[in-house]
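See structure below.
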Amino acid sequence: MPQMKVPGSVDVLLKEEREFFPSPTFVAQANVQDKAIYEKAAENREAFWAGCAKAIEWYCPWHQVMNWTPPHCKWFVGGKLNVSYNCLDRHIKTAARNKAALIWEGERGEERTLTYWDLYLEVNRFANVLKNLGITKGDRVAIYLPMIPEAIIALQACARIGAIHTVIFGGFSADSLRDRILDADAKLLITADGGYRRGNVITLKQTADKALTECPNVKDVIVVRRTGLDVDVVEGRDHWYHNLVHHAAAYCEPEQMDAEDTLFILYTSGTTGKPKGIMHTTGGYLVGVATTYRWVFDIKDHDVYWCTADIGWITGHSYVTYGPLANGATQVIFEGTPDWPDKDRFWRIIEKYGVTILYTTPTAIRTFMKWGTQWPDACDLTTLRLLGTVGEPINPEAWIWYQKHIGRGHCPVVDTWWQTETGGIVIAPLPGVMPTKPGSATKALPGMAADILTDKGEHVEVGGGYLTLTSPIPSMMQGIWGDPQRYVDTYWSRWGNRLYFTGDGARRDEEGYLWMLGRVDDVINVSGHRIGSMEVESALVSHSAVAEAAVVGIEDEIKGQAIVGFVILKEGHHSNDAMAETLRQHVVKVIGAIARPQKILFARDLPKTRSGKIMRRLLRDVAEGRVLGDITTLADAGVVEELKKKYDEEYA
Ligand code: WT7
C-alpha cells in the first residue's frame, strides 16, 4: 500500500473535542431523526431507493428499480422524466414560485435575485435559443462560464431539451478547453466576454477563440455579456446571449428523457495524461443528488444555502445546479474569491443574506484559520445552523476551528466524502442522527456501502487500506465518454467487477468510522481539485527544453497537496530559477493555473525500476524530506540518493 499520512492528528484535541452528538434542538427539527433508516435501507436497498425516487415527478414510472450487471448498473429502468421540469416547473405550481431560487453576488458587489418563476422563464427562453440553433436531444454543448446565473441557466436549459452539457472550469487553458470540446464532440459553446477574479478580468472569450481554431465542429458560440470587455465577434458563429434570449419564446416543452439517458459529461483527471469524461444519467443521478441534499444539508423552506464551489466542478453540478433546485431551496451563488476586496468577504455575504447553511472546502477553512478570527468575529454569523466541507481530507484542527469560530460551537459539521464519479455524497453524517468525530466523514449514507480492503481484496475490519464501494448507488457514473474499457479498467478490475475502487485510501476505527487518507494513485489533490501527475508531466515535456519529467504531490499545510516537478533538461539548457519559472508558466499555459507546480527541481536522472517505470513514491520521499523508502527495486540507487542530497541542500 502506498505511503499515506493521516492529515493532522486527533491527539491534539481535548477529550471533549473528540466526539460531538447532535443537539436535541437540532434533532427535533432534522429531516432525518431516526437512525433506523440505515437498517431499513440495508434490508431492501431497491425498495428503499424506489421510495426516495417517489419524491420526484416521473412522466412514466420505471418497471425495474435497478439492473445490476457488474460493472454496469441501470437505475429506474423504463422510467421517463425531465430534470429541469423537476427543478423548476414543479415549484412554480406552489408557493415557491415567488421564492428566491438564486441570490447572486458578483465579485464587484453586484446583486441579482432570481425567483423560481424568474429562473423558470430564463431557462425556458434559453432552452428555445438552443433549439433554434439546431441543438437536439443527445447533442453535446460545451460551457465555459464564470460563476454567474447564466451558468446555472445554461445547464438547466440543456437538461430541459435533453442536450448533454459539458462544463469546462473557467481557469482551464485554451488547450484544455480544446481537448475537452474535441473529446465530447460538442457542437456549440456557451461562454462570456470575461469574468472577474480579484479585480482583474479573465478573458474567457479570447481563450475560447483560441481553442476554437482547432474545433471545426463547433458551429455556434453564445456569449454572455458580463464585463463589457471588447471581444472579437466571428460573423455567423458568435451570438450575444441577451439578443437571442430577448427574441426567444417564453415556454419550451421539457423533453421526456429516459432515466438512463446521459444528463452530462464532466471531465476529471486520472492517472494517464488524458482526462476522463465522466458521464452521468438522468434518473439515478437526480434521485441521488436530490435525496442526499435533503438528508445531509437538512434543507428547509426557510434556509439560505451557500455552496462556494464553482460550476466547473462536480459540486457545482450536484449541490448547486441540481440538488438544491430539485428541493426548491434558496441559495446564494458568488462569483468572487474569499479575499477580495478583503479577507472578510465570505462573512459579509453570510451576514448580508442571512446564510443558514455553508458548504466549503478544507483549503478555505485552513486559509481562514491563518488569517485569524478577527475577520469572522467582526460579522454576524448567528444565522448559520449547519456547516459542510468537501474536496479533500480535513484535519481535526481545522474541523474544530470551523465548528468553534464559524459555527459558534453549535452547528453540526458534515464532512462529505464523494467524487465526480459518484455524482453525489456517499460518506457523510446525517446531522440529526450520527455523532461526529472531527476529521472523520463518519460512515456511508443509508442505502450505500463502503469497505476497506487490502491489496488482495481482504476485508479490513479495523485499520487502513483501500476504500471501496460495495453496492450500487443511484447517482453513480454511467461510464467514461468514448472509452468504455477505461471505465472497467480504472474502477472495476482491482478485485473483480463488483467492487468499485475509489482511488482513495482510508482507515476504519473500532466504531466503524472512516478516516480518509487521500489518493493512493497518481492523482494529486490541490485544494480539492484533481490533477493527474501524468498530465503535468506531459505538459512539462511539451516544452522544448525538457527531456524528461516526473511529477508528484507533496503535503501542503493549506492546500492539502502541492505539485512538485522533477525535470531533466535537454543538453544546452541551464537549470536556474529563470528556467524553473519558465516551466511553471508553461504548465499554466498548457493546463491552467490550477496545475502550476509549486517547485521545480532539476535532476540528472530519475529513479526508475529495472523495467523503466518512474518511482514516484521515492520522489515523494525526496520532496517531503523523508528517509528514503525501499530502493531495492531501483535500476540505479545512486540516482535517488544524489537527488535527495541535492534537494535537501536546496530546500532544507
Ligand atoms: C476526490 C474526488 C466531491 C467533490 C469535490 C472533489 C477527495 C473529496 C473528500 C472528503 C477526504 C475527499 C478524495 C476523492 N475528497 N471529498 N470529504 N474527505 N477526501 O471531487 O475532483 O472528483 O475529487 O477528492 O480523494 O477521491 P473530485
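The values are calculated or read from the model by the stated rules, or taken from the named source; none is laboratory data. Quick caveat: nothing in here was measured; it's all calculated off a predicted structure. Quick reminder, even Gly has a Cβ in these numbers, built from the backbone with ideal geometry, and neighbours come from all protein chains shown.
At-a-glance table
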item: Residues that are touching a helix residue (DSSP H, G or I) at 6+ places or on another chain (Cβ under 8 Å) and among the β-branched types (Val, Ile, Thr), drawn from segment 599-625; result: Ile600, Val622
item: Failed condition for Tyr359, given (1) within 16 Å of the ligand (Cβ to nearest atom); (2) at positive phi; result: (2)
item: Criterion: away from the ligand (no atom under 16 Å from the Cβ), part of a helix (DSSP H, G or I) and either under 22 Å from the mean Cα position of the chain (by Cα) or among the acidic types (Asp, Glu) (or both) - qualifying residue of Glu351, Glu397; result: Glu351
item: Filter pass, Trp481 being within 16 Å of the ligand (Cβ to nearest atom), over 26 Å from Lys35 (Cα atoms) and in contact with a Gly (Cβ under 9 Å, 6 or more places away or on another chain); result: yes
item: Pair list, Cβ under 6 Å, 6 or more apart: segment 246-262 residue in a loop (DSSP other than H, G, I, E, B), other residue among the β-branched types (Val, Ile, Thr) and surrounded by 19 or more Cβ atoms within 10 Å (Cβ to Cβ); result: Ala248/Val129; Glu255/Ile161; Ala259/Thr282; Glu260/Thr281; Asp261/Thr282
item: Qualifying residue in segment 425-443 (condition: on the phi < 0 side of the Ramachandran plot, surrounded by fewer than 24 Cβ atoms within 10 Å (Cβ to Cβ) and free of Cβ contacts under 8 Å to residues at least 40 places away in the same chain); result: no
item: Of residues in segment 441-452 being over 25 Å from Leu14 (Cα atoms) and part of a loop (DSSP other than H, G, I, E, B), the one nearest to the ligand (Cβ to nearest atom); result: Leu445
item: Among the candidates Ala100, Ala157, Ala163, Ala96, residue that is buried (at least 24 other Cβ atoms within 10 Å of the Cβ) and touching a residue at least 60 places away in the same chain (Cβ under 8 Å); result: Ala157
item: Conditions (1) under 21 Å from His165 (Cβ atoms); (2) of a type outside the set (A, V, I, L, M, F, W, C); (3) in contact (Cβ under 8 Å) with a residue 24 or more places away in the chain; (4) outside any loop (DSSP other than H, G, I, E, B): number failed by His242; result: (3)
item: All strands (runs of 3 or more DSSP E) inside segment 48-167 with 3 or more residues being among the β-branched types (Val, Ile, Thr); result: 164-167
item: Count of residues meeting criterion [more than 14 Å from Tyr402 (Cβ to Cβ) and in contact with a strand residue (DSSP E or B) (Cβ under 9 Å, 6 or more places away or on another chain)] in segment 363-384; result: 1
item: Segment 484-541, subset of a type in the set (S, T, N, Q) and either within 12 Å of Leu467 (Cα to Cα) or more than 16 Å from the ligand (Cβ to nearest atom) (or both), residue surrounded by the fewest Cβ atoms within 10 Å (Cβ to Cβ); result: Gln485
item: Every residue from segment 265-280 that is more than 12 Å from the ligand (Cβ to nearest atom) and hydrophobic (A, V, I, L, M, F, W, C); result: Ile265, Met279
item: Filtered residues of segment 334-349 (kept if touching a Gly at 6+ places or on another chain (Cβ under 7 Å) and farther than 20 Å from Gly171 by Cα); result: Arg345
item: Count of segment 282-304 residues which are away from the ligand (no atom under 16 Å from the Cβ) and crowded, with 24+ Cβ neighbours inside 10 Å; result: 7
item: Of all residues in segment 402-440 being in a loop (DSSP other than H, G, I, E, B), touching a Ser or Thr at 6+ places or on another chain (Cβ under 8 Å) and of a type in the set (S, T, N, Q), the one that is farthest from the ligand (Cβ to nearest atom); result: Thr422
item: Residue ranges of strands (runs of 3 or more DSSP E) in segment 512-582 with at least 3 members within 18 Å of the chain's Cα centre (by Cα); result: 514-519, 523-526, 529-532, 560-569
item: Unique residue being crowded, with 19+ Cβ neighbours inside 10 Å, within 16 Å of the ligand (Cβ to nearest atom) and assigned to a loop (DSSP other than H, G, I, E, B) when the list is Ile365, Ile311; result: Ile311
item: Index of the failed condition, Lys210 passing every other in (1) surrounded by fewer than 21 Cβ atoms within 10 Å (Cβ to Cβ); (2) in contact with a Lys or Arg (Cβ under 9 Å, 6 or more places away or on another chain); (3) at pLDDT below 95; result: (3)
item: All positions within segment 412-429 that are under 10 Å from the mean Cα position of the chain (by Cα) and among the hydrophobic types (A, V, I, L, M, F, W, C); result: Trp418
item: Lys456 vs. criteria out of contact with any helix residue (DSSP H, G or I) (no Cβ under 6 Å at 6 or more places or on another chain), surrounded by fewer than 17 Cβ atoms within 10 Å (Cβ to Cβ) and among the basic types (Lys, Arg); result: yes
